[in-house]
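The values are calculated or read from the model by the stated rules, or taken from the named source; none is laboratory data. Not measured: the values here are computed from a predicted model. Here Cβ is always computed from backbone atoms with ideal geometry, including for glycine, and neighbour counts include all displayed protein chains.
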Amino acid sequence: MVRLCARVAIPVVVGLAASAHADDWLIRMTVDNQYDLYFGTSMMTTTTVGGDTYWPTMETYSVLGRAPTDYLYVTTASDRSVAQGFLGSFRNLTTSTTVLTGDVAWEVFRAGDYLMPIFGTPGPWPANLLPTVAQTDAAIAYATTNGLWTPAVSWPGYTNPGLGPWGAFPLIDPTAQWVWAPAAGGGNPLTPGADHGEFLIFRIVGIAPAPGSVAVLGAMGLLASGRRRAARRL
């Protein structure tokens, strides 16, 4: 794959039907190589927001009317040969809270390691192939049922900009970190050939605490915000 130096911000606005006690999001992100972005429950996606297959661009999404307990999912695919990574800023406009890649709230599932039990097919997952919605939902349900979500990881120096081949994305917070799943053999998961277990699914839960998510939100300093919002609704 040819790596380009230009960075072009492409705005993508997604308007979704509003609901009671809904949250609005402003999302800026990119993934090397490819991604799809969803909202959903702990067991499946419910809404496709967008996606991209060209990592030198940064996409902007305005997402309206999501339930505070929604999960946000990012599925990824890589070329399995050159560096790979996920960078983004996810701002909940309703609660004035921002989650950056590199924050402890991000979890990841190495779905490509479980192709046989999920789909009945052997690996490896093909390079540069994004999973379908049905494949994503099956993997989410399997990971949640079997407790297979693990913390997403970065590596020292891989900020925006920082180490790696990507350069700067000016509209994404400079403290955001490039992240990926833990490399199967250990070491830096962002370097070429370090992680061939794609596809991956990343997730965070919405700002208000859902059952089982209080520990994660507390670690982020978001639990107090969720309590204040709950109090205002009474």
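With respect to residue 150, is the statement that it is surrounded by fewer than 18 Cβ atoms within 10 Å (Cβ to Cβ), under 21 Å from residue 40 (Cβ atoms), of a type in the set (Val, Ile, Thr) and out of contact with any helix residue (DSSP H, G or I) (no Cβ under 9 Å at 6 or more places or on another chain) true? In short, yes. Scanning region 91-109 for residues that are under 17 Å from residue 58 (Cβ atoms) and either modelled with pLDDT under 95 or surrounded by fewer than 24 Cβ atoms within 10 Å (Cβ to Cβ) (or both) yields 91, 98, 100, 102.
Every condition in (1) outside any loop (DSSP other than H, G, I, E, B); (2) closer than 28 Å to residue 183 by Cβ holds for residue 64 except the one numbered (2).
Taking every residue in region 50-78 that is without any contact (Cβ under 8 Å) to a residue 40 or more places away in the chain and pairing it with any residue that is assigned to a strand (DSSP E or B) and of a type in the set (Ser, Thr, Tyr), at least 6 positions away or on another chain, the pairs with Cβ-Cβ distances below 6 Å are 50/61.
For region 74-95, a residue qualifies if it is more than 16 Å from residue 155 (Cβ to Cβ), assigned to a strand (DSSP E or B) and among the hydrophobic types (A, V, I, L, M, F, W, C), and the qualifying residues are 74, 77, 90. Taken as a whole, region 20-35 holds at least one residue that is closer than 29 Å to residue 187 by Cα and assigned to a loop (DSSP other than H, G, I, E, B).
Being of a type in the set (Gly, Ala, Ser), exposed (fewer than 15 other Cβ atoms within 10 Å of the Cβ), at pLDDT below 95 and closer than 26 Å to residue 174 by Cβ, is that true of even one residue in region 3-13?
Filtering region 3-13 down to residues of a type in the set (Gly, Ala, Ser) leaves 6, 9.
Remaining after also requiring exposed (fewer than 15 other Cβ atoms within 10 Å of the Cβ): 6, 9.
With at pLDDT below 95 added as a condition, the list becomes 6, 9.
Checking the rest, the ones that are also closer than 26 Å to residue 174 by Cβ come to 6, 9.
Checking region 3-13: at least one residue is of a type in the set (Gly, Ala, Ser), exposed (fewer than 15 other Cβ atoms within 10 Å of the Cβ), at pLDDT below 95 and closer than 26 Å to residue 174 by Cβ.
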